[in-house]
Amino acid sequence: MKIEKIELREIRMPLVHFFETSFGRTTTRRIVLVRADAEGLTGWGEVTCGEAPFYSYETPETAWHILRDFLIPWTVEGDVSLASDLSRRFRPVRGHNMAKAALENAVWDIEAQQKGLSLAALIGGTLEEIPCGVSLGIQERVEDLLEKIQAELAAGYRRIKVKIKPGWDVAVLERIRGKFPDIVLTADANSAYTLADLDHLKQFDRFNLAMIEQPLGWNDLVDHARLQAQLATPICLDESIHGADDARKALDIQACRIINIKLGRVGGFTAARQVHDLCRERRVPVWSGGMLESGIGRAHNIHLSSLPGFTLPGDISASRRYWAEDIIDPEVTVSAGGTIRVPATPGLGFKPALDRIERIIVRKETFG
Ligand code: OSB
Ligand code: MG
């Protein structure tokens, strides 16, 4: 196919409630959207990076630069036969996976429509419904967190993940387990600890967590392997896994027993599928992480989670939990049983609401 036109838009979306992790608090998202047009069809992608370079080094500014000056020119020149060709074409750019993913995923959306398939069907997804969990940020008071957990369980969510950091960990988990002894509970540290905290981290074993996510360095594998050897709780890696090579190395040295796959962090559907396939071969469970996405990124995550190795609930929840008004129609909803139905119509299966997007746009550039 010939990609005739690509548009970048940056939008601002205030969160319904602030979201706080060990690296800081977010109140309003800055989101870069990619729209690609080819042969009468339109595809959409979302750059999932944070506003500041705290989760990874990417920001909306770096993504705009890498897309405008490298990835977009390489996409509009010549033909693209398959969306999966783009990851090879983008390889000379080191890293910047979230910028790459946004454009690659927009082209996957187009390819699915051309073939009359849902994105899930195009990538080989088999699950018609996906199990959902929630990620709860650090709160002002432990009581606020306990109330939120209660409400999310009542809404049907199947797994509760809480953000932790030094000073908001053991005592908080103690309170949660006191009130909810049997729920599926996980904790995400977003790299807030080091191996010097080994004795402290060992205390987590008594909370029967389904996993502890990314306790150590954002790009580390080796120290995580040391830690895993000393912990009963399975480690799940998030930040450290940038593609199938990292996943293979992490599993070879037993740095983790579970992997969180994020489309943006690994660079799009092609790489995400490679990580999934490797983990499936090795019987390692995976799940889809989230990055406080708008409906567009959220929809991509839903399709990804239809692959058969996604056996654990993902951080994919209802639009309403984040947005007063999402930018897709219909918005993402979750059943009383805590599941989301994977759309079966061609492409994304959700319609970007152009009028709403135009109302919250802060910049736009057209290429091609
Ligand atoms: O580590 O999973 C993470 C949000 C921003 C940055 C990193 C993470 C998160 C989440 C939110 O946990 C998950 C969601 O989008 O619901
Ligand atoms: Mg995480």
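Observations, loosely collected:
Yes or no, residue by residue, for (1) closer than 26 Å to Trp218 by Cβ; (2) more than 16 Å from ligand 1 (Cβ to nearest atom); (3) without any contact (Cβ under 8 Å) to a residue 40 or more places away in the chain; (4) open to solvent by less than 10 Å² (accessible area, probe 1.4 Å):
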{"position": "Cys49", "(1), (2), (3), (4)": "yes, no, no, yes"}
{"position": "Tyr57", "(1), (2), (3), (4)": "yes, no, yes, no"}
{"position": "Glu77", "(1), (2), (3), (4)": "no, yes, yes, no"}
{"position": "Arg91", "(1), (2), (3), (4)": "yes, yes, yes, no"}
{"position": "Asn97", "(1), (2), (3), (4)": "yes, no, no, no"}
{"position": "Lys100", "(1), (2), (3), (4)": "yes, yes, no, no"}
{"position": "Gly124", "(1), (2), (3), (4)": "no, yes, no, no"}
{"position": "Gly156", "(1), (2), (3), (4)": "no, no, no, no"}
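- Among residues of region 215-256, those that are in contact with a Gly (Cβ under 7 Å, 6 or more places away or on another chain) and either in a strand (DSSP E or B) or acidic (Asp, Glu) (or both), counted: 2
- Some residue of region 334-357 being open to solvent by 60 Å² or more (accessible area, probe 1.4 Å), touching a helix residue (DSSP H, G or I) at 6+ places or on another chain (Cβ under 7 Å) and under 27 Å from Glu61 (Cα atoms): no
- Test: residue in region 209-224 that is surrounded by fewer than 22 Cβ atoms within 10 Å (Cβ to Cβ), more than 16 Å from ligand 2 (Cβ to nearest atom) and farther than 22 Å from Ile302 by Cα: yes
- Glu128 being out of contact with any Leu (no Cβ under 9 Å at 6 or more places or on another chain), at pLDDT 95 or above and closer than 30 Å to Gly349 by Cα: yes
- Region 30-47: number of residues that are closer than 21 Å to Arg298 by Cα, open to solvent by 10 Å² or more (accessible area, probe 1.4 Å) and either of a type outside the set (D, E, K, R) or free of Cβ contacts under 8 Å to residues at least 12 places away in the same chain (or both): 3
- Here Met98 meets the list (1) under 24 Å from Arg273 (Cβ atoms); (2) part of a helix (DSSP H, G or I); (3) away from ligand 2 (no atom under 16 Å from the Cβ); (4) touching a strand residue (DSSP E or B) at 6+ places or on another chain (Cβ under 9 Å) almost entirely, failing just condition (3).
- Count - residues of region 258-305 that are surrounded by fewer than 24 Cβ atoms within 10 Å (Cβ to Cβ), away from ligand 1 (no atom under 12 Å from the Cβ) and outside any helix (DSSP H, G or I): 5
- Failed item in (1) surrounded by fewer than 20 Cβ atoms within 10 Å (Cβ to Cβ); (2) of a type in the set (D, E, K, R); (3) part of a loop (DSSP other than H, G, I, E, B), with Arg25 passing the rest: (3)
- Filtered residues of region 319-333 (kept if more than 17 Å from Arg35 (Cα to Cα), without any contact (Cβ under 8 Å) to a residue 40 or more places away in the chain and either among the polar types (S, T, N, Q) or open to solvent by 30 Å² or more (accessible area, probe 1.4 Å) (or both)): Ser319, Glu325, Pro330, Glu331, Thr333
- Among the candidates Val332, Val266, the residue that is in contact with a Ser or Thr (Cβ under 7 Å, 6 or more places away or on another chain) and of a type in the set (A, V, I, L, M, F, W, C) is uniquely Val332.
- Taken over region 158-190, the criterion of being acidic (Asp, Glu) and either within 15 Å of ligand 1 (Cβ to nearest atom) or surrounded by 13 or more Cβ atoms within 10 Å (Cβ to Cβ) (or both) is satisfied by Asp169, Glu174, Asp188.
The values are calculated or read from the model by the stated rules, or taken from the named source; none is laboratory data. Being a predicted model, the structure only gives us computed values, none of them experimental. Because the Cβ atoms are built from the backbone with ideal geometry, glycine has one as well, and the counts that use them run over all protein chains shown. With ligands, DNA and RNA removed, areas are computed over all heavy atoms of the protein, side chains included. Shrake-Rupley method; radii C 1.70, N 1.55, O 1.52, S 1.80 Å.
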